[in-house]
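Visitor: Got a structure for you, questions after.
The values are calculated or read from the model by the stated rules, or taken from the named source; none is laboratory data. Everything numeric here is computed off the predicted structure, so don't read it as measured data. We place every Cβ from the backbone using ideal geometry, glycine too, and count neighbours over all the protein chains shown.
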Amino acid sequence: MATQTKTAKTRMYEGMFLLNPAAINSSVGKATEIIAEILKRAHAEVVSMSKWDDRKLAYKIEGQKRGLFILAHFNADPSQVAHIERDVNLSETVLRCLIIRGEHLGETEMQIFTDAQNVTRDAIALEASNPQPAAASDDDDSDASDSDVDTDTESEEEAE
């Protein structure tokens, strides 16, 4: 019966965590360890965790132009979500987080996330066996839109 009350109190959550890649040297393994530690302190059970993306941010967050996104699914007591958010705010490595209830997730979605977690584990193993040099500088502010050519005038001239 004690197990049933514990299960009744916990809910599935989906969390997106944005990490500072410079602080973790763009290491996916270190990033997942940091998120797992934050969730462990909140007594959350991690269901899946995977690298979502590493990309340029739309605007600087705490002086950073790039960010590493980690997507995590976990079971936790609803009262612990505030503790997770507090730990993220106190962390110098995690820049932001968004946690939502995972009631919308079905079996198919969870299978997809489990497969993504397996890919992330493979990437971590590869990363550990082949250390890479430091990441390239983030000073490149050029956008792909800068190189776009205005083709409207060319197509109008062809139509005449």
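Visitor: Residues that are free of Cβ contacts under 8 Å to residues at least 12 places away in the same chain and more than 30 Å from Asn130 (Cα to Cα): which helices (runs of 4 or more DSSP H) entirely in segment 1-102 hold 3 or more of them?
Guide: Details: elements: 2-9, 28-41, 81-90.
Filter on segment 1-102 gives 2-9, 81-90.
Visitor: Can I ask one more? Looking at Glu14, is it charged (D, E, K, R) and either within 22 Å of Glu103 (Cα to Cα) or at pLDDT below 90 (or both)? It would help to see each step written out before you state the result.
Guide: Details: charged (D, E, K, R): yes; either within 22 Å of Glu103 (Cα to Cα) or at pLDDT below 90 (or both): yes.
Here the answer is yes, as Glu14 does meet what is asked.
Visitor: Something else: Can you find a residue that is out of contact with any strand residue (DSSP E or B) (no Cβ under 9 Å at 6 or more places or on another chain) and either modelled with pLDDT of 95 or more or among the small types (Gly, Ala, Ser) (or both) anywhere in segment 61-73? Spell out how you get there, then give the answer.
Guide: Filtering segment 61-73 for residues out of contact with any strand residue (DSSP E or B) (no Cβ under 9 Å at 6 or more places or on another chain) gives 63.
Still in the list and also either modelled with pLDDT of 95 or more or among the small types (Gly, Ala, Ser) (or both): 63.
Yes, segment 61-73 contains at least one residue that is out of contact with any strand residue (DSSP E or B) (no Cβ under 9 Å at 6 or more places or on another chain) and either modelled with pLDDT of 95 or more or among the small types (Gly, Ala, Ser) (or both).
Visitor: Output the number of residues of segment 23-70 satisfying the condition of being under 19 Å from Asn89 (Cβ atoms), surrounded by 17 or more Cβ atoms within 10 Å (Cβ to Cβ) and among the small types (Gly, Ala, Ser).
Guide: Final tally of qualifying residues: 5.
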